[in-house]
1. Say whether the condition of being assigned to a loop (DSSP other than H, G, I, E, B) and either touching a helix residue (DSSP H, G or I) at 6+ places or on another chain (Cβ under 6 Å) or within 23 Å of residue 252 (Cβ to Cβ) (or both) is met by at least one residue in the range 172-179.
2. Out of the range 44-63, which residues are more than 25 Å from the chain's Cα centre (by Cα), surrounded by 15 or more Cβ atoms within 10 Å (Cβ to Cβ) and more than 15 Å from residue 215 (Cβ to Cβ)?
3. Here's a check for you: in the range 147-171, which residue that is under 22 Å from the mean Cα position of the chain (by Cα) and in a loop (DSSP other than H, G, I, E, B) is nearest to residue 84 (Cα to Cα)?
4. Could you identify the single residue in 305, 274, 288 that is in contact with a helix residue (DSSP H, G or I) (Cβ under 9 Å, 6 or more places away or on another chain), outside any helix (DSSP H, G or I), surrounded by 18 or more Cβ atoms within 10 Å (Cβ to Cβ) and at pLDDT 95 or above?
5. All but one of (1) under 30 Å from residue 323 (Cα atoms); (2) assigned to a loop (DSSP other than H, G, I, E, B) hold for residue 60; which doesn't?
6. Can you find a residue in the range 207-215 that is under 23 Å from residue 114 (Cβ atoms), in contact with a helix residue (DSSP H, G or I) (Cβ under 8 Å, 6 or more places away or on another chain) and part of a helix (DSSP H, G or I)?
7. For residue 260, are the conditions met, namely being at pLDDT below 95, part of a helix (DSSP H, G or I) and either surrounded by fewer than 23 Cβ atoms within 10 Å (Cβ to Cβ) or in contact with a helix residue (DSSP H, G or I) (Cβ under 9 Å, 6 or more places away or on another chain) (or both)?
8. Being surrounded by fewer than 23 Cβ atoms within 10 Å (Cβ to Cβ) and under 18 Å from the mean Cα position of the chain (by Cα) is the requirement here; does residue 311 meet it?
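The values are calculated or read from the model by the stated rules, or taken from the named source; none is laboratory data. All values derive from a computational prediction rather than experimental measurement. All Cβ positions, glycine included, derive from the backbone under ideal geometry; neighbour counts span all protein chains shown.
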């Protein structure tokens, strides 16, 4: 069974062939310009972090604290979004640089890279938006699709989603341990305990670095540096949460059932990525700071292509959507953020809630597939 659309089976396969050709074209064109790009970003990120931490050592002076905290915040956003996320996807493995490789990179984030790669790169990107298979649909906490069963706890989901944004890195670290799967006896207890141990050790390293070592090195500026590090981490968490939710849960994206993906072909997998993802429009700075996840549609189609190429690929993907009569969900950051929060508020209530007249439905109606 395939995802229902107005396309015939032949048209779906034709779409898949077009996307395969597009991917092959960009894979073949990777080269020194791309390598220079990621090395420049890493150099800039490290400079911002070093400069920000040095500036905060003088943070008894308020301007120095503000400047240092801002620089460290930008450094952490770049490291997580444009560097860490994309390096761990294997986007730069073709460079054969042992220091910029998915097998060796450990990011400035509470979740251990190995655990995140399994839950994100494999589970999420294989089963994107499939209810019962993709645990990222609501992260086990939120009701973001009308088909998800309602429970009284969902009445509070606007509040605990806000709390999740503040502590996002710690929430993802716990989520990646998959304790809920162990509770349902889907994962061996000893494996879960090993993963929990790895997560706790990584969390301890993160906490030691930002909340003990650097504040102690600052001497009399201990408290301002501690506050600056905490501010930078919280700002990075809220930004990452916002970008990720805007790429997956605004109006115009849809979810799928396990029955719909039975016997799914590669072309049908492509189609599911198109229908289940959304982009954020904006300037080049937004794309850089979002890790180019502002091009979430292109990232879901081609997760192993270098992120700096998504802006070049996007117009061609959009043209294919227009040619095949498929939606291409995109909007500004304020619009997508408002859409996500509207969805979370609506689905906090019981029943298959639909939005008010004039708004796009959380689950767009798509005509039945023509055989």
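1. Step one: list which residues in the range 172-179 are assigned to a loop (DSSP other than H, G, I, E, B), which gives 178.
Retained after the next criterion (residues that are either touching a helix residue (DSSP H, G or I) at 6+ places or on another chain (Cβ under 6 Å) or within 23 Å of residue 252 (Cβ to Cβ) (or both)): none.
Within the range 172-179, not a single residue is assigned to a loop (DSSP other than H, G, I, E, B) and either touching a helix residue (DSSP H, G or I) at 6+ places or on another chain (Cβ under 6 Å) or within 23 Å of residue 252 (Cβ to Cβ) (or both).
2. If the condition is that a residue be more than 25 Å from the chain's Cα centre (by Cα), surrounded by 15 or more Cβ atoms within 10 Å (Cβ to Cβ) and more than 15 Å from residue 215 (Cβ to Cβ), then 51 is the only one that fits.
3. 167
4. 305
5. The single condition residue 60 does not satisfy is (1).
6. Just the residues of the range 207-215 that are under 23 Å from residue 114 (Cβ atoms), to begin with: 207-210.
Next cut, in contact with a helix residue (DSSP H, G or I) (Cβ under 8 Å, 6 or more places away or on another chain) only: 210.
Right, trim to part of a helix (DSSP H, G or I) and you get 210.
Within the range 207-215, one or more residues are under 23 Å from residue 114 (Cβ atoms), in contact with a helix residue (DSSP H, G or I) (Cβ under 8 Å, 6 or more places away or on another chain) and part of a helix (DSSP H, G or I).
7. On the way: at pLDDT below 95: yes; part of a helix (DSSP H, G or I): yes; either surrounded by fewer than 23 Cβ atoms within 10 Å (Cβ to Cβ) or in contact with a helix residue (DSSP H, G or I) (Cβ under 9 Å, 6 or more places away or on another chain) (or both): yes.
Yes: the conditions hold for residue 260.
8. Taking the combined requirement at face value, the residue satisfies it.
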